[in-house]
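Asker: Sharing a structure, written as structure tokens. Questions coming.
Throughout, read-outs are computed from the coordinates displayed, never taken from laboratory work. Bear in mind that the values here come from a model prediction, so they are computed numbers and not experimental data. When we count neighbours, we look across all protein chains shown, and the Cβ atoms used for this are built from the backbone with ideal geometry, even at glycine.
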Amino acid sequence: SAAPVLTVDGPGGAGKGTVSSLIAERQGWHLLDSGALYRLTAYAAGKHGVDLDDEAGLARVAANLDVAFPVTGGAVQTLLEGQDVSRAIRTEQAGERASRVAAVPAVREALLQRQRDFAKTPGLVADGRDMGTVVFPDAGLKIFLTASAEERARRRHAQLRQAGEDASLASLLQEIQARDARDTQRSVAPLKPADDAVTLDTTRLSIPEVVEQLTELLARRG
Ligand code: C5P
């Protein structure tokens, strides 16, 4: 009865988000952007005056998250308590706050079932850091996408410029390295490939090339 699950884990900027949504679209599967849940928890905490050091408060915010991901005109919107926060949760600062919130075990616990509920027929593409290791340990195909920190900083830079935001490449590289360190060194659900994951280094690959390789792997496993 279990729907097929493809997990796509890896550090920020490796292309997980873009690749995951393209594959979900191509397969007609559901998509879980788990990072958005941590970004939303951090944003909701700010909105409700909960300090990022208040672990019990953060867990309560996570457990009570009122979010929706309606699709309008082909684009996915992110609503928090009915308010469109799609852009607000995508800033570098929101990512930084999300990674602090994500280090709190009680927050991760509070979000676990909500994430598992995304696994429905005909299938799920789950994008994050611990999809293959913690949330969907029985997934049929687990991918770990990586790229050099320099390449990931360049990609983030291009993305931000497209969104009309300006950031220096050097500061982005620093932030990426700091976030990598926090994500890989935390005690709960640290960023690492699952034992049975296929690792794909995308430093020299285009998005279509990555999508092609993953689609082939899926077909072979399916
Ligand atoms: O992927 P994204 O940049 O949106 O994730 C924001 C932050 O949320 C990450 O830096 C990471 O700390 C955290 N995260 C996590 N586990 C996930 C997804 C994201 O800890 N499955």
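Asker: For a protection proxy built on the mean count of beta-carbon atoms within 10 angstrom, sort 67-73, 113-119, 14-20 highest first, please.
Answerer: Going from most to least packed, we get 14-20, 113-119, 67-73.
Asker: Still on this model: Using the Cα centre of the range 5-221 as the reference point, and only Cβ charges (+1 on K/R, -1 on D/E), how large is the resulting charge dipole? Debye, rounded to the nearest 20.
Answerer: 180
Asker: For LYS120, go through the lysines and keep the ones whose alpha-carbon is under 25 Å away, minus same-chain ones fewer than eight residues off.
Answerer: Within the straight-line limit of under 25 Å, LYS120 reaches these lysines: LYS16, LYS142.
Asker: Now, a different point. If you project the alpha carbons of the range 102-222 onto their three principal axes, what span does each projection cover, largest first, in Å?
Answerer: Computed over the range 102-222, the largest-to-smallest principal extents equal 41, 37, 27 Å.
Asker: Principal axis extents for the range 32-89, Cα atoms only, whole Å, descending order, please.
Answerer: Taking the Cα atoms of the range 32-89, the three principal extents are 38, 20, 16 Å.
Asker: Can you order the peptides 197-205, 144-152 by their average number of other Cβ atoms within 10 Å per residue, highest first?
Answerer: 144-152, 197-205
Asker: Work from the charge dipole of the chain (Cβ charges, +1 for Lys and Arg, -1 for Asp and Glu, about the Cα centre) and give the residue of GLN93, ALA170, SER21 farthest towards its positive end.
Answerer: SER21
Asker: Which far-off residues, 5 or more places away or on another chain, put their amide H under 5 Å from the one on ARG186, with H placed in the peptide plane?
Answerer: Amide H neighbours of ARG186, under 5 Å, 5+ apart: LEU191.
Asker: Just the Cα atoms of the chain: what Rg and Dmax do they give in Å?
Answerer: 16.6, 49
Asker: Report D for the range 1-123 in µm² per second (integer): Stokes-Einstein, Kirkwood Rh on Cα pairs, 25 °C, 0.890 mPa s.
Answerer: For the chosen part, D equals 161 µm²/s.
Asker: Another one. I want the local charge near VAL61. Using Cβ-Cβ distances under 10 Å, sum +1 for each Lys or Arg and -1 for each Asp or Glu among the other residues.
Answerer: Local net charge: +1.
Asker: A further question on this structure: When the Karplus curve 6.51 cos²θ - 1.76 cosθ + 1.60 is applied with θ = phi - 60°, which whole-Hz ³J(HN,Hα) does each residue of the range 173-187 get, with x for Gly and Pro?
Answerer: Once rounded to whole Hz, the list reads 4, 4, 5, 4, 5, 5, 5, 4, 4, 5, 5, 8, 9, 5, 7.
Asker: Compute the distance from the alpha-carbon center of the range 159-222 to that of the range 11-28, in whole Å.
Answerer: Going from one Cα centre to the other spans 10 Å.
Asker: Something else about it: What aspartates and glutamates could a cross-link reach from LYS47, if we take a straight Cα to Cα line under 12 Å and drop same-chain neighbours fewer than 8 places away?
Answerer: Of all the aspartates and glutamates, those that pass the test against LYS47 - Cα under 12 Å, at least 8 places apart if same chain - are GLU81.
Asker: For the range 85-143, state what percent of all Cα-Cα pairs lands in each successive 5 Å bin, counting from 0 Å until the bin that includes the largest distance.
Answerer: The distribution over the range 85-143 is 4, 15, 23, 22, 21, 12, 4, 0, given as percents.
Asker: Please express the Cα-Cα pair-distance distribution P(r) of the range 59-164 as a list of whole percents, one per 5 Å bin, running from 0 to the bin with the greatest distance.
Answerer: 2, 9, 14, 20, 23, 19, 12, 1, 0
Asker: Also: First select every other residue whose beta carbon is under 11 angstrom from the beta carbon of GLU96; then total the charges, Lys and Arg +1, Asp and Glu -1.
Answerer: My count for the surroundings of GLU96 gives +3.
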